[in-house]
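Inspection log for the structure reproduced underneath, given as structure tokens.
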Amino acid sequence: MNRLKDKVCIITGADGGICHAASQLFCQEGAKVVMVDKDETVKAKAEEIKKQGGSVIAIVGDVSKKQTWELILKTTIDTFGTVDCCINGAAEYSLTGDWNTDTIDMKEWDIVFETNLKSMLYSYQVVLKYMIDHKIKGNFINFTSATALSYNGSACEAYPMSKAAIKICTSDMAATNGKYGIRFNMLAPNSVKVPKLNMVFDKYGDWLKSITPLGNLGEPMDAAWALVFLASDEAKFISGAMITVDGGWSTCH
Ligand SMILES: NC(=O)c1ccc[n+]([C@@H]2O[C@H](COP(=O)([O-])OP(=O)(O)OC[C@H]3O[C@@H](n4cnc5c(N)ncnc54)[C@H](O)[C@@H]3O)[C@@H](O)[C@H]2O)c1
């Protein structure tokens, strides 16, 4: 309890499996949470957390647009007075399965890059700028993916490429912004079973278990606990780090 007492945390993708779990856990640990998602259902999820005593608000918006980030920051400051942590969890996956360079779906490619990368850049232009201007020693947590850490045979698939770019950018941001006392870290999940990807896990779940050293799929809370640690003062000397939450998958791929 209280590992995040009074820390104001923006969490995007908060209608999704991992970041919804994180929103619940952050509130239990004393944080004030701004849940953001493009799906309206994030509002009901925030209400549920509020009923359990959480200090939380929800914003519905597309994080690939700069105006959304301006609204997120304004609402956060108007409601909670400051911002300590920003978790860039919103993501689109490339699910067409066609990774051939000649026939790849360029519309899907653009959506994946806009959502996964542009949103991160806007979080820096808006939230990081606010932290620097107000001398707040906050922190950012971005999501890369175990699929971005090694060869996975999918050539130009947008998703792992976008996650590889996030990895490089997060390390660079940690190096260049350490002087402000602002930390940048990453989570690299794999095979964490989330409701919105049920179709994928129904189809490939057994295979994923077979290639995972711990022999099982992860739960959203497994990733949420790692986020609590990175967002908390327990990690105050940790920047540029990546925690894998993948049952050991990346040790053997
Ligand atoms: N589940 C895993 O095993 C796994 C593996 C690797 C990486 N990740 C990463 O973990 C993070 C959380 O993913 P998850 O597994 O909980 O997936 P999820 O699909 O449950 O959650 C993603 C959320 O992002 C939201 N979103 C998508 N585009 C948006 C936009 N433009 N604006 C606002 N919200 C938007 C979706 O509505 C969804 O609620 C993601 O960054 C994902 O890439 C997860």
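Computed from the coordinates by the stated procedures, all read-outs in this text should not be read as laboratory data. In this text the structure is predicted, and so the values were computed from the model without any measurement. Reconstructed Cβ throughout: ideal geometry from the backbone, glycine too, with neighbour counts over all protein chains shown.
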What order do you get for 2-13, 63-74 when each peptide is scored by the mean count of other beta carbon atoms within 10 Å, highest first?
2-13, 63-74
Mind ranking 234-241, 133-140 by how tightly packed they are, going by the mean number of other C-beta atoms within 10 angstrom, highest first?
133-140, 234-241
For the chain, what's the relative contact order in percent, using C-alpha pairs closer than 8 Å and at least 6 residues apart?
20 percent
Over all directions, the chain yields a Cα convex hull whose mean projected area in nm² is 13.1 nm²
Can you compute the modelled spin-label distance between HIS134 and GLU70, with each label point 7 Å from Cα toward Cβ, in nm?
1.8 nm
Per-residue HN-Hα couplings for the range 88-104 [Karplus 6.51, -1.76, 1.60; θ = phi - 60°; Hz; x = Gly/Pro]
8, x, 4, 7, 10, 9, 9, 10, 5, x, 9, 10, 5, 4, 7, 10, 3
Run the helix sum for the chain: -39,500 (n - 2.57) per DSSP H stretch of 4+ residues, divided by residue count, reported at 222 nm to the nearest 500 deg cm²/dmol.
-12000 deg cm²/dmol
ASP206 versus THR176: modelled label distance in nm, points set 7 Å from Cα along the beta carbon direction:
4.9 nm
Give LYS38/LYS196; LYS7/LYS236; LYS51/LYS135 a once-over and call out the pairs whose C-alpha atoms are over 22 Å from each other.
LYS51/LYS135
By the rule of another cysteine's Cβ lying under 4.7 Å, the cysteines of the chain that fail to get a partner are CYS19, CYS27, CYS86, CYS156, CYS169, CYS252
Sorted peptide list for 108-118, 204-214, criterion being average Cβ within 10 angstrom, highest first
108-118, 204-214
Hits among aspartates and glutamates - C-alpha to C-alpha of LYS66 under 17 Å, sequence gap 8 or more where chains match
ASP37, ASP110, GLU114
Farthest toward the dipole's positive end in the chain, which of MET221, ILE243, MET1, given Cβ charges of +1 (Lys, Arg) and -1 (Asp, Glu) about the Cα centre?
MET1
